[in-house]
1. Please work out how much length the chain gains when fully extended from V29 to K233, using 0.36 nm per residue of separation minus the C-alpha to C-alpha distance, in nm with one decimal.
2. Assign unit charges at the C-beta atoms only (+1 for Lys and Arg, -1 for Asp and Glu), then state the dipole size of the chain relative to its Cα centre in Debye, rounded to the nearest 20.
3. Given labels modelled 7 Å from the Cα in the Cβ direction, how far is it in nm from K74 to I60?
4. Taking the highest mean first, how do the peptides 211-220, 72-81, 36-45 order by number of other beta carbon atoms within 10 angstrom per residue?
5. Report the extension gain between E275 and L6 in nm, rounded to one decimal, defined as 0.36 nm multiplied by the number of residues separating them, less their alpha carbon distance.
6. How far, in nm, would the chain grow between A223 and M258 when pulled straight, counting 0.36 nm per residue and subtracting the alpha carbon separation?
7. Quickly work out the E147-to-R121 label distance, labels modelled 7 Å from Cα along the C-beta direction, and quote it in nm with one decimal.
8. Return one quarter of the surface area of the convex hull spanned by the alpha-carbon atoms of the range 153-199, equal to its mean projected area, in nm².
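The values are calculated or read from the model by the stated rules, or taken from the named source; none is laboratory data. Since we're looking at a predicted model, the values are computed, not measured. Here Cβ is always computed from backbone atoms with ideal geometry, including for glycine, and neighbour counts include all displayed protein chains. With ligands, DNA and RNA removed, areas are computed over all heavy atoms of the protein, side chains included. Shrake-Rupley method; radii C 1.70, N 1.55, O 1.52, S 1.80 Å.
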Amino acid sequence: MQLPLLPPFEPGSVWLVGAGPGDPGLLTVLALKALSEADAVVYDALVDERTLKLARPEAILEFAGKRGGKPSPKQPDISRRLVRLAREGKRVLRLKGGDPFVFGRGGEEALALVAAKVPFRIVPGITAGVGGLAYAGIPATHRDVNEAVTFITGHNVSGEVPDNLDWPALARGAPVLVFYMALKHLAQIRDRLIAGGRDASEAAAVVSHAATDRQRTITTTLARLVEDTEAAKMEPPALVVVGPAVRLASGLDWLGAMKGRVLDPDPLKLKARREAG
Ligand code: SAH
(Lines give C-alpha, C1' and ligand atoms only; values in the text may rest on other atoms or scores of the structure.)
Protein backbone atom coordinates (compact mmCIF):
# COMPACT_ATOMS: atom_id res chain seq x y z
CA MET A 1 0.00 0.00 0.00
CA GLN A 2 1.43 3.34 -1.06
CA LEU A 3 0.88 5.90 1.70
CA PRO A 4 1.01 9.60 0.96
CA LEU A 5 3.95 11.54 2.32
CA LEU A 6 3.30 12.15 6.01
CA PRO A 7 4.64 15.09 8.02
CA PRO A 8 7.58 14.31 10.33
CA PHE A 9 6.87 14.01 14.07
CA GLU A 10 9.63 16.32 15.31
CA PRO A 11 11.27 15.79 18.71
CA GLY A 12 10.22 18.59 21.07
CA SER A 13 6.77 18.90 19.53
CA VAL A 14 3.29 17.88 20.65
CA TRP A 15 0.67 16.25 18.48
CA LEU A 16 -2.86 16.64 19.76
CA VAL A 17 -4.58 13.66 18.26
CA GLY A 18 -8.12 12.34 18.20
CA ALA A 19 -8.35 8.57 18.62
CA GLY A 20 -11.93 8.24 17.40
CA PRO A 21 -14.72 6.72 19.47
CA GLY A 22 -13.14 3.33 20.24
CA ASP A 23 -12.45 0.87 17.46
CA PRO A 24 -8.72 1.28 16.65
CA GLY A 25 -9.65 0.79 13.00
CA LEU A 26 -11.09 4.28 13.13
CA LEU A 27 -7.72 5.90 13.83
CA THR A 28 -6.45 8.19 11.13
CA VAL A 29 -3.23 7.39 9.30
CA LEU A 30 -1.61 10.32 11.11
CA ALA A 31 -2.78 9.03 14.50
CA LEU A 32 -1.25 5.64 13.72
CA LYS A 33 2.00 7.26 12.68
CA ALA A 34 2.04 9.32 15.89
CA LEU A 35 1.47 6.18 17.99
CA SER A 36 4.28 4.35 16.29
CA GLU A 37 6.77 7.21 16.75
CA ALA A 38 5.86 8.99 20.00
CA ASP A 39 8.28 8.97 22.96
CA ALA A 40 5.48 9.88 25.37
CA VAL A 41 1.75 9.24 25.07
CA VAL A 42 -0.49 11.22 27.41
CA TYR A 43 -3.95 9.70 27.08
CA ASP A 44 -7.48 10.19 28.35
CA ALA A 45 -9.93 7.74 29.92
CA LEU A 46 -11.88 7.42 26.69
CA VAL A 47 -8.97 6.06 24.69
CA ASP A 48 -9.50 2.36 23.99
CA GLU A 49 -6.93 -0.07 25.42
CA ARG A 50 -6.53 -1.71 22.03
CA THR A 51 -5.44 1.66 20.66
CA LEU A 52 -2.78 2.09 23.35
CA LYS A 53 -1.33 -1.30 22.38
CA LEU A 54 -0.37 0.30 19.08
CA ALA A 55 2.08 2.64 20.83
CA ARG A 56 5.80 2.10 20.34
CA PRO A 57 6.88 -0.41 23.06
CA GLU A 58 9.49 2.03 24.40
CA ALA A 59 7.03 4.89 24.73
CA ILE A 60 6.14 6.27 28.15
CA LEU A 61 2.37 5.95 28.61
CA GLU A 62 0.81 8.47 30.97
CA PHE A 63 -2.83 8.42 31.98
CA ALA A 64 -4.45 11.85 32.32
CA GLY A 65 -8.09 11.04 32.93
CA LYS A 66 -10.52 10.08 35.65
CA ARG A 67 -10.16 6.63 37.15
CA GLY A 68 -12.05 4.81 39.89
CA GLY A 69 -13.92 7.92 41.00
CA LYS A 70 -10.65 9.74 41.76
CA PRO A 71 -10.57 13.34 40.59
CA SER A 72 -8.98 13.86 37.21
CA PRO A 73 -5.72 15.79 36.91
CA LYS A 74 -6.38 19.50 36.58
CA GLN A 75 -6.30 20.88 33.05
CA PRO A 76 -3.40 23.30 33.75
CA ASP A 77 -1.39 20.38 35.16
CA ILE A 78 -1.92 18.37 31.98
CA SER A 79 -0.92 21.33 29.83
CA ARG A 80 2.20 21.91 31.94
CA ARG A 81 3.07 18.23 31.65
CA LEU A 82 2.84 18.39 27.85
CA VAL A 83 5.11 21.44 27.80
CA ARG A 84 7.64 19.79 30.10
CA LEU A 85 7.79 16.57 28.06
CA ALA A 86 8.23 18.57 24.85
CA ARG A 87 11.01 20.65 26.41
CA GLU A 88 12.79 17.41 27.27
CA GLY A 89 12.99 16.90 23.54
CA LYS A 90 10.37 14.18 23.36
CA ARG A 91 7.84 13.54 20.64
CA VAL A 92 4.70 14.00 22.69
CA LEU A 93 1.43 12.45 21.65
CA ARG A 94 -1.59 13.88 23.45
CA LEU A 95 -4.25 11.30 22.67
CA LYS A 96 -7.91 12.06 23.23
CA GLY A 97 -11.12 10.17 22.58
CA GLY A 98 -13.06 11.17 19.48
CA ASP A 99 -11.95 14.52 18.11
CA PRO A 100 -9.71 16.77 20.21
CA PHE A 101 -11.69 19.89 19.29
CA VAL A 102 -15.17 18.51 19.98
CA PHE A 103 -15.95 18.75 23.70
CA GLY A 104 -12.37 17.65 24.22
CA ARG A 105 -10.53 20.68 25.62
CA GLY A 106 -8.06 20.39 22.76
CA GLY A 107 -8.22 24.13 22.23
CA GLU A 108 -7.23 24.84 25.82
CA GLU A 109 -4.23 22.55 25.64
CA ALA A 110 -3.18 23.91 22.26
CA LEU A 111 -3.33 27.48 23.58
CA ALA A 112 -1.07 26.48 26.47
CA LEU A 113 1.40 25.16 23.89
CA VAL A 114 1.15 28.40 21.96
CA ALA A 115 1.89 30.37 25.13
CA ALA A 116 4.90 28.13 25.84
CA LYS A 117 6.05 28.37 22.20
CA VAL A 118 5.98 24.59 21.82
CA PRO A 119 5.37 23.53 18.22
CA PHE A 120 2.25 21.42 17.80
CA ARG A 121 -0.05 19.80 15.27
CA ILE A 122 -3.74 18.99 15.54
CA VAL A 123 -4.83 15.63 14.18
CA PRO A 124 -8.63 15.49 14.04
CA GLY A 125 -10.40 12.27 14.96
CA ILE A 126 -13.82 10.83 14.34
CA THR A 127 -16.07 12.34 16.95
CA ALA A 128 -18.33 10.00 18.91
CA GLY A 129 -21.42 11.92 17.83
CA VAL A 130 -20.77 10.90 14.24
CA GLY A 131 -18.67 7.71 14.32
CA GLY A 132 -20.16 6.25 17.49
CA LEU A 133 -23.65 6.74 16.14
CA ALA A 134 -22.67 5.18 12.84
CA TYR A 135 -21.69 2.05 14.79
CA ALA A 136 -25.25 1.99 16.12
CA GLY A 137 -26.73 2.40 12.65
CA ILE A 138 -27.84 5.99 13.26
CA PRO A 139 -26.76 8.40 10.52
CA ALA A 140 -26.07 11.94 11.73
CA THR A 141 -28.01 13.20 8.74
CA HIS A 142 -30.40 11.50 6.35
CA ARG A 143 -32.06 13.48 3.58
CA ASP A 144 -35.58 12.30 4.32
CA VAL A 145 -35.51 13.33 7.95
CA ASN A 146 -32.99 16.02 8.88
CA GLU A 147 -31.12 18.83 7.19
CA ALA A 148 -29.15 19.76 10.27
CA VAL A 149 -27.61 18.03 13.23
CA THR A 150 -26.78 19.70 16.54
CA PHE A 151 -24.09 18.61 18.99
CA ILE A 152 -24.76 19.62 22.58
CA THR A 153 -22.99 18.97 25.83
CA GLY A 154 -25.19 17.78 28.69
CA HIS A 155 -23.14 19.69 31.19
CA ASN A 156 -21.18 22.90 31.11
CA VAL A 157 -18.00 24.04 32.83
CA SER A 158 -19.75 24.07 36.22
CA GLY A 159 -21.29 20.64 35.70
CA GLU A 160 -24.83 21.88 35.06
CA VAL A 161 -27.11 21.60 32.05
CA PRO A 162 -26.02 24.54 29.88
CA ASP A 163 -28.49 27.36 30.39
CA ASN A 164 -27.04 29.83 27.93
CA LEU A 165 -28.60 27.78 25.14
CA ASP A 166 -31.96 28.69 23.62
CA TRP A 167 -33.74 25.48 24.61
CA PRO A 168 -37.10 26.31 23.01
CA ALA A 169 -35.27 27.06 19.74
CA LEU A 170 -33.41 23.76 19.98
CA ALA A 171 -36.58 21.91 20.90
CA ARG A 172 -38.50 23.28 17.94
CA GLY A 173 -35.80 24.04 15.38
CA ALA A 174 -33.09 21.40 15.66
CA PRO A 175 -34.32 18.21 13.95
CA VAL A 176 -31.65 15.92 15.37
CA LEU A 177 -29.97 16.62 18.69
CA VAL A 178 -26.88 14.66 19.70
CA PHE A 179 -25.97 15.04 23.36
CA TYR A 180 -22.55 14.25 24.78
CA MET A 181 -22.12 13.77 28.55
CA ALA A 182 -25.85 13.76 29.04
CA LEU A 183 -26.66 10.80 31.31
CA LYS A 184 -26.33 12.72 34.56
CA HIS A 185 -28.83 15.41 33.65
CA LEU A 186 -31.06 13.36 31.38
CA ALA A 187 -34.31 14.21 33.17
CA GLN A 188 -33.59 17.94 32.97
CA ILE A 189 -32.74 17.67 29.29
CA ARG A 190 -35.97 15.80 28.58
CA ASP A 191 -37.98 18.36 30.56
CA ARG A 192 -36.40 21.32 28.78
CA LEU A 193 -37.03 19.84 25.36
CA ILE A 194 -40.64 18.96 26.10
CA ALA A 195 -41.26 22.33 27.79
CA GLY A 196 -39.71 23.95 24.72
CA GLY A 197 -42.22 22.30 22.43
CA ARG A 198 -40.63 19.01 21.39
CA ASP A 199 -43.10 16.19 20.83
CA ALA A 200 -42.78 13.72 23.71
CA SER A 201 -43.31 10.86 21.25
CA GLU A 202 -40.16 11.83 19.31
CA ALA A 203 -37.72 8.94 18.79
CA ALA A 204 -34.69 8.89 21.06
CA ALA A 205 -31.71 6.59 21.55
CA VAL A 206 -28.88 6.05 23.98
CA VAL A 207 -25.68 4.49 22.70
CA SER A 208 -23.10 3.57 25.31
CA HIS A 209 -19.51 2.50 24.73
CA ALA A 210 -20.03 3.00 21.01
CA ALA A 211 -17.52 1.37 18.68
CA THR A 212 -16.08 -0.75 21.50
CA ASP A 213 -16.64 -4.37 22.54
CA ARG A 214 -19.15 -3.10 25.12
CA GLN A 215 -21.38 -1.15 22.75
CA ARG A 216 -25.07 -1.13 23.73
CA THR A 217 -27.99 0.80 22.26
CA ILE A 218 -31.53 1.40 23.41
CA THR A 219 -34.13 3.11 21.27
CA THR A 220 -37.13 4.69 22.91
CA THR A 221 -39.08 7.98 22.92
CA LEU A 222 -38.32 11.30 24.53
CA ALA A 223 -41.13 10.67 27.01
CA ARG A 224 -39.67 7.33 28.12
CA LEU A 225 -36.01 8.23 27.73
CA VAL A 226 -35.11 8.50 31.40
CA GLU A 227 -37.00 5.41 32.58
CA ASP A 228 -35.73 3.22 29.75
CA THR A 229 -32.14 4.42 30.19
CA GLU A 230 -32.28 3.57 33.89
CA ALA A 231 -34.00 0.23 33.32
CA ALA A 232 -31.33 -0.77 30.81
CA LYS A 233 -28.58 0.42 33.20
CA MET A 234 -26.90 2.41 30.44
CA GLU A 235 -23.49 3.65 31.52
CA PRO A 236 -21.20 6.45 30.41
CA PRO A 237 -19.66 7.15 28.04
CA ALA A 238 -22.93 7.44 26.20
CA LEU A 239 -24.50 9.49 23.46
CA VAL A 240 -28.12 10.53 23.60
CA VAL A 241 -29.87 11.20 20.31
CA VAL A 242 -33.27 12.79 19.92
CA GLY A 243 -34.87 12.98 16.51
CA PRO A 244 -36.17 10.96 13.59
CA ALA A 245 -32.69 9.77 12.53
CA VAL A 246 -32.98 7.28 15.41
CA ARG A 247 -35.70 5.42 13.49
CA LEU A 248 -33.16 4.48 10.84
CA ALA A 249 -31.37 2.19 13.29
CA SER A 250 -33.87 -0.60 12.63
CA GLY A 251 -32.65 -0.55 9.05
CA LEU A 252 -29.02 0.35 9.49
CA ASP A 253 -27.81 -1.48 12.59
CA TRP A 254 -25.14 -3.26 10.58
CA LEU A 255 -23.30 -4.41 13.69
CA GLY A 256 -26.51 -5.98 15.00
CA ALA A 257 -27.01 -7.63 11.61
CA MET A 258 -23.66 -9.37 12.01
CA LYS A 259 -25.10 -10.94 15.16
CA GLY A 260 -28.30 -12.01 13.44
CA ARG A 261 -30.58 -8.96 13.65
CA VAL A 262 -32.84 -8.76 10.62
CA LEU A 263 -32.67 -5.29 9.12
CA ASP A 264 -35.72 -3.43 7.86
CA PRO A 265 -35.04 -2.01 4.36
CA ASP A 266 -37.80 0.57 4.85
CA PRO A 267 -37.23 1.84 8.41
CA LEU A 268 -39.01 5.16 7.82
CA LYS A 269 -41.96 3.37 6.22
CA LEU A 270 -41.66 5.65 3.20
CA LYS A 271 -42.25 2.92 0.67
CA ALA A 272 -45.08 1.47 2.70
CA ARG A 273 -46.68 4.91 2.90
CA ARG A 274 -46.23 5.56 -0.82
CA GLU A 275 -47.85 2.27 -1.68
CA ALA A 276 -50.75 3.03 0.64
CA GLY A 277 -51.17 6.14 -1.50
N1 SAH B 1 -13.76 14.54 22.13
C2 SAH B 1 -14.76 13.49 22.27
C3 SAH B 1 -15.82 13.84 23.28
C4 SAH B 1 -15.31 13.94 24.69
S5 SAH B 1 -16.56 14.34 25.83
C6 SAH B 1 -15.36 13.21 20.89
O7 SAH B 1 -15.14 13.97 19.95
O8 SAH B 1 -16.05 12.20 20.75
C9 SAH B 1 -16.99 12.76 26.47
C10 SAH B 1 -18.33 12.31 25.95
O11 SAH B 1 -18.21 11.88 24.61
C12 SAH B 1 -18.93 11.15 26.68
O13 SAH B 1 -19.58 11.53 27.88
C14 SAH B 1 -19.91 10.63 25.66
O15 SAH B 1 -21.06 11.43 25.62
C16 SAH B 1 -19.14 10.85 24.37
N17 SAH B 1 -18.39 9.67 23.96
C18 SAH B 1 -17.10 9.58 23.69
N19 SAH B 1 -16.75 8.34 23.28
C20 SAH B 1 -17.89 7.62 23.29
C21 SAH B 1 -18.21 6.27 22.97
N22 SAH B 1 -17.29 5.39 22.56
N23 SAH B 1 -19.50 5.88 23.10
C24 SAH B 1 -20.45 6.73 23.49
N25 SAH B 1 -20.20 8.01 23.82
C26 SAH B 1 -18.95 8.46 23.72
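1. Length difference between fully extended and current span is 69.9 nm.
2. 400 debye
3. 2.1 nm
4. 36-45, 211-220, 72-81
5. Taking E275 through L6 to full extension adds about 91.6 nm, to one decimal.
6. Length difference between fully extended and current span is 9.5 nm.
7. For R121 paired with E147, the spin-label model returns 3.9 nm.
8. 3.0 nm²
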